[in-house]
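Below is one structure; the comments refer to it alone.
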Amino acid sequence: MKNPKIYVAGHRGMVGSAIVRALQAAGHSNLVMRTHAELDLTDQAAVRAFFAAEKPDQVYLAAAKVGGIHANNTYPAEFIYQNLMMEANVVDAAFRHGVRQLLFLGSSCIYPKLAPQPMPEDALLTGTLEPTNEPYAIAKIAGIKLCESYNRQYGASHGIDYRSVMPTNLYGPGDNYHPENSHVIPALIRRFHEAKVGGVASVAIWGTGTPRREFLYVDDMAAASVHVMNLKKAVYDQHTQPMLSHINVGYGDDVTIRELAQAVGETVGYAGAITFDTTQPDGTPRKWMDSQRLHDLGWAPTVDLREGLKRAYADFLKHNTP
Ligand SMILES: NC(=O)c1ccc[n+]([C@@H]2O[C@H](COP(=O)([O-])OP(=O)(O)OC[C@H]3O[C@@H](n4cnc5c(N)ncnc54)[C@H](OP(=O)(O)O)[C@@H]3O)[C@@H](O)[C@H]2O)c1
């Protein structure tokens, strides 16, 4: 299709806005977008009316209720209900109104707490989930299974092809830098920046600094999403199975929290000391995705951690300096 009509759900979020940038850079001009205020995706009637009116050709489902451990623990009902409703409404309305291609975005939290490292796609549903975000993870697993079930029932008869990607930890422009409720990279950027500006002699990091984590720059995630959406069906089918169809999107390499803290400190230009508060818990020793499937499908990231941090800090300064 030459200039497909593409609906990006969640286009004001960190990932959705990166997908919009990637699509526009690739020359797509026929994009449909609605803010949360304009279209509440948990409202089935509103979602059906939207699809009936707009009839997009492709859908990127990057809208979700997301949050850290504290929010997940405090509002588990909202996390499971809203995410299930958004996915079910969008996937079903897309099917009813002739959308042939849809990409659902999940997260690495779908894998069991004790999954092998790196975590391959077939680790899904092999063990107990991390309890703190289990409701969210269950909703994301349901999203994968929605796509697979619609493909299995209607793929041949209606020509639909709904796919899923599971990104590792993301960072970059549009991230949430809230002091208490942000992921590790934006939290470190804020802390080191404030320490630099305030002339603070040392910054203490929680834990030993030895756990390893993987990070992907959000524009790489957007590029991977567009790549997976546009793969020929025969190629996608060759590398996936009808009931094991999701694709991991990782950087391919991980770093210790100590290495990450040093890299953020250098990026920000913080000259003080970095210490580790070993009385605080470390969390899982390693969370690393096996991205071989995506690699075999012809995609690799282009932004390394140093470059990504530089760009993320520039974005932070743009929004956080008077
Ligand atoms: N950020 C990461 O590190 C990361 C890692 C792995 C996977 N992911 C996945 O990527 C996806 C997007 O995450 P993100 O980081 O871009 O999150 P985000 O910045 O919070 O964006 C989510 C977007 O969804 C919208 N939204 C939420 N509830 C809605 C509703 N009921 N109706 C309509 N829109 C609604 C939000 O709008 P409002 O803000 O107006 O509510 C927001 O624009 C999620 O599925 C997430 O699991 C993210």
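Observations on the model:
- Restricting the stretch 228-251 to residues that are buried (at least 18 other Cβ atoms within 10 Å of the Cβ) and more than 15 Å from the ligand (Cβ to nearest atom) leaves a set whose member that is farthest from T126 (Cα to Cα) is L231.
- Restricted to the stretch 257-322, the set of helices (runs of 4 or more DSSP H) holding at least 2 residues that are open to solvent by less than 50 Å² (accessible area, probe 1.4 Å) and within 13 Å of L188 (Cα to Cα) comprises 257-268, 305-320.
- Where a residue in the stretch 216-237 is closer than 27 Å to K287 by Cα and of a type in the set (A, V, I, L, M) and its partner, wherever it lies, is part of a helix (DSSP H, G or I) and open to solvent by 40 Å² or more (accessible area, probe 1.4 Å), with Cβ under 7 Å and at least six apart: A222/R21
- Residue within the stretch 25-33 that is small (G, A, S), surrounded by fewer than 23 Cβ atoms within 10 Å (Cβ to Cβ) and more than 23 Å from Y171 (Cα to Cα) present: yes
- Subset of the stretch 252-269 (residues that are hydroxyl-bearing (S, T, Y) and in contact with a strand residue (DSSP E or B) (Cβ under 9 Å, 6 or more places away or on another chain)): T256
- Considering residues of the stretch 25-55 that are within 11 Å of the ligand (Cβ to nearest atom) and β-branched (V, I, T) only, the residue farthest from G13 (Cα to Cα): V47
- Listed conditions (1) open to solvent by 10 Å² or more (accessible area, probe 1.4 Å); (2) at pLDDT 95 or above are all met by Y162, apart from (1).
- Per-region count, the stretch 50-72, residues more than 19 Å from M229 (Cα to Cα) and open to solvent by 60 Å² or more (accessible area, probe 1.4 Å): 4
- Selection status of S182, open to solvent by 20 Å² or more (accessible area, probe 1.4 Å) and more than 11 Å from the ligand (Cβ to nearest atom): no
- Breaking point among (1) open to solvent by 30 Å² or more (accessible area, probe 1.4 Å); (2) at pLDDT below 95, for A156: (2)
- Any hit, the stretch 73-80, residues being crowded, with 18+ Cβ neighbours inside 10 Å and more than 24 Å from H178 (Cα to Cα): no
Residue-wise test of (1) in contact with a helix residue (DSSP H, G or I) (Cβ under 9 Å, 6 or more places away or on another chain); (2) free of Cβ contacts under 8 Å to residues at least 24 places away in the same chain.
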position	(1), (2)
L103	yes, no
S107	yes, no
P116	yes, yes
P120	yes, no
T126	no, yes
P135	yes, no
E148	no, no
D161	yes, no
V165	yes, no
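The values are calculated or read from the model by the stated rules, or taken from the named source; none is laboratory data. Predicted, not measured: the structure shown is a model, and the values here were computed from it. Cβ coordinates were reconstructed from backbone atoms using ideal geometry, including for glycine residues, and neighbour counts include every protein chain displayed. Heavy atoms of the whole protein, side chains included, go into the accessibility calculation; ligands, DNA and RNA do not. Shrake-Rupley method; radii C 1.70, N 1.55, O 1.52, S 1.80 Å.
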